[in-house]
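Novice: Can you read through this structure? Questions will come right after.
The values are calculated or read from the model by the stated rules, or taken from the named source; none is laboratory data. Quick caveat: nothing in here was measured; it's all calculated off a predicted structure. Don't worry about glycine lacking a Cβ; one is built from the backbone with ideal geometry, like all the others, and counts go over all protein chains shown.
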Amino acid sequence: GKGDRDFLERVFHKLMLNFTWWVNRKDVEGRNIFQGGFLGLDNIGIFDRNAKLPNGGYINQADGTAWMAMYTLNLMRIALELALTDHVYEDIASKFFEHFLYIAEAMTNIGGLGIGLWDEEDEFYYDVLHLPGGERIPLRLRSLVGLIPLFAVEVLDSAALQKLPRFNARTQWFLEHRPHLARLVSRWHDANGDRHLLSLLRGHRMKRLLNRMLDEVAFLSDFGVRSLSRFYEAHPYVFERGGNRFEVGYVPGDSTTATFGGNSNWRGPVWMPVNFLIIESLQRFHSYYGEDFTVECPVGSGKMLHLGEVAAELAHRLCKIFLRGEDGQRPVFGASPIEQKDPHFRDKILFYEYFHGDTGHGLGASHQTGWTALVACLLQFYLKSGVAQTPAAAPITEPAVAGG
């Protein structure tokens, strides 16, 4: 297709308004750590995000904060694209570059108290409960909350940066005068010196996080990445405070509670949009690190894959939800004899809202075509190249062409 710069510019200004609203309304302490309730993944956590906490206080959200970090990089990327034909946007791109660095710093050291959202012992990101007396308690529940920081990644091309002197000068100033910030999130030169990485995760930490995500005992199912570690099926997570007891168990299918389910469930099932973003992020990391950066996938298999291959493996597992297996059955239809065998229905694919974490059976709204239809992109790129590439992973190189 053709690029549409006019549309990109129009939507960019609306997105900036939306971004500013989140920053002004959901950063309680003004320290770039977000507590936006449903800014994150619905009721995936321990507490009902619609209600006040039983002991007062608020939650510093790993998913909400990482989502805002991703948002800053998305807006920076759009500004850089627009700046290729209108250099006024270079200053705006610099603003989002700097904001990203400050969010990354806050995630590492909340309020300068030496407490971060990354747990070095568990090798995972957690929400942190902030109580009225100032006490901060990590909520050590391993869910998609701790994987969302993977999404905040961008790779910049040196050739493109040379066309953006003001932005380039500003980034160089930060590298020289705020090196403690730059080191948190960037590798400014790859092996060839022509690509620059911005990410919440440096290589060693990302490998440790992926070691959790690619473990079939935990997150990795035959049909994608689960929303909650399967570990909690036999070992529910329990949090007790002030006479209150909260318990979270692995529930791969329909929710067993209305408060944390109703028409959805984030405590075990596979969700297509989040899996798609994981794949997209892995592809971006791969475009920087290349084939020498490998991880074990699945964990315990002894099989080492580069991140592009990991992305392809995840895409393949997601596609399997809709494809007939050796038994002639499509996992998406579960045990429904009409949908599995009737010639009038067996090829009429429904795009369910989410999928059983162990069987791939479609659950929730059966007409959730918008985000679940992303599987079409995965099928297209997986079958075309054998690697689950996504259009969004392409580097910024040339100005967008105006089109209808």
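Novice: Which one of R346, R317, R330 is more than 30 Å from L8 (Cα to Cα), charged (D, E, K, R) and modelled with pLDDT under 95?
Specialist: On the way: R317 fails: modelled with pLDDT under 95; R330 fails: modelled with pLDDT under 95.
Answer to the selection: R346.
Novice: Out of (1) farther than 30 Å from D194 by Cα; (2) surrounded by 15 or more Cβ atoms within 10 Å (Cβ to Cβ); (3) touching a residue at least 40 places away in the same chain (Cβ under 8 Å), the odd one out for V310 is which?
Specialist: Every listed condition holds for V310 apart from (1).
Novice: Right, another one. If I ask for residues that are buried (at least 16 other Cβ atoms within 10 Å of the Cβ) and free of Cβ contacts under 8 Å to residues at least 60 places away in the same chain, which ones from segment 50-71 would you list?
Specialist: Scanning segment 50-71 gives G64, T65, M68, Y71.
Novice: Moving on. Does at least one position in segment 165-182 carry a residue that is closer than 17 Å to H286 by Cβ, surrounded by 15 or more Cβ atoms within 10 Å (Cβ to Cβ) and out of contact with any Phe, Trp or Tyr (no Cβ under 6 Å at 6 or more places or on another chain)?
Specialist: First pass over segment 165-182, keeping only residues closer than 17 Å to H286 by Cβ: none.
Checking segment 165-182: not a single residue is closer than 17 Å to H286 by Cβ, surrounded by 15 or more Cβ atoms within 10 Å (Cβ to Cβ) and out of contact with any Phe, Trp or Tyr (no Cβ under 6 Å at 6 or more places or on another chain).
Novice: Would you call D127 over 24 Å from K52 (Cα atoms) and among the acidic types (D, E)?
Specialist: On the way: over 24 Å from K52 (Cα atoms): no; among the acidic types (D, E): yes.
No; evaluated as a whole, the condition is false for this residue.
Novice: Can you give me the number of residues within segment 122-162 that are among the basic types (K, R) and surrounded by 17 or more Cβ atoms within 10 Å (Cβ to Cβ)?
Specialist: The first filter runs over segment 122-162 and keeps only residues among the basic types (K, R), leaving 136, 140, 142.
Add one more test, that the residue is surrounded by 17 or more Cβ atoms within 10 Å (Cβ to Cβ), and what stays is 142.
Looking only at that region, the number is 1.
Novice: Moving to a separate point now. Restricting attention to strands (runs of 3 or more DSSP E) lying wholly within segment 174-253, give those where 3 or more residues are in the same structural domain as T72 (by TED's automatic domain parsing). Let's see the steps before the verdict.
Specialist: Values: elements: 195-199, 237-241, 244-248.
Counting at least 3 such residues, we get 195-199.
Novice: Looking at segment 365-390, which of its residues are modelled with pLDDT of 80 or more and closer than 24 Å to E216 by Cβ?
Specialist: Pass one, segment 365-390, residues modelled with pLDDT of 80 or more: 365-367, 370-380.
T372, L374, V375, L378, L379, listed by residue number.
Novice: Oh, and also: For segment 233-255, enumerate the residues that are surrounded by 11 or more Cβ atoms within 10 Å (Cβ to Cβ) and of a type in the set (G, A, S).
Specialist: Selection gives G249, G253, S255.
Novice: Go through (1) surrounded by fewer than 20 Cβ atoms within 10 Å (Cβ to Cβ); (2) within 18 Å of the chain's Cα centre (by Cα) one by one and return the number of the condition S199 breaks.
Specialist: (1)
Novice: While we're here: If I filter segment 127-158 down to residues being closer than 14 Å to A62 by Cβ and in a helix (DSSP H, G or I), which single residue comes out as modelled with the lowest pLDDT? Lay out the reasoning, then the answer.
Specialist: To start, the set of residues in segment 127-158 that are closer than 14 Å to A62 by Cβ comprises 127-130, 136-152.
Those left that are additionally in a helix (DSSP H, G or I): 144-146, 148-151.
Numbers: L144: 94, V145: 91, G146: 94, I148: 94, P149: 94, L150: 96, F151: 96.
Here the answer is V145.
Novice: Could you list all residues from segment 360-378 that are crowded, with 17+ Cβ neighbours inside 10 Å and over 18 Å from the mean Cα position of the chain (by Cα)? Spell out how you get there, then give the answer.
Specialist: First pass over segment 360-378, keeping only residues crowded, with 17+ Cβ neighbours inside 10 Å: 360-364, 368, 372, 374-375, 377-378.
Residues satisfying the conditions are G360, H361, G362, L363, G364, Q368.
Novice: Could you pull out the residue among I279, I321, I338 that is crowded, with 22+ Cβ neighbours inside 10 Å and more than 19 Å from the chain's Cα centre (by Cα)? Spell out the reasoning first.
Specialist: Details: I279 fails: more than 19 Å from the chain's Cα centre (by Cα); I338 fails: crowded, with 22+ Cβ neighbours inside 10 Å.
When all the criteria are applied, what remains is I321.
Novice: Suppose the filter is modelled with pLDDT under 95 and more than 21 Å from R241 (Cβ to Cβ); does E98 pass it?
Specialist: Working: modelled with pLDDT under 95: yes; more than 21 Å from R241 (Cβ to Cβ): yes.
Yes, satisfied.
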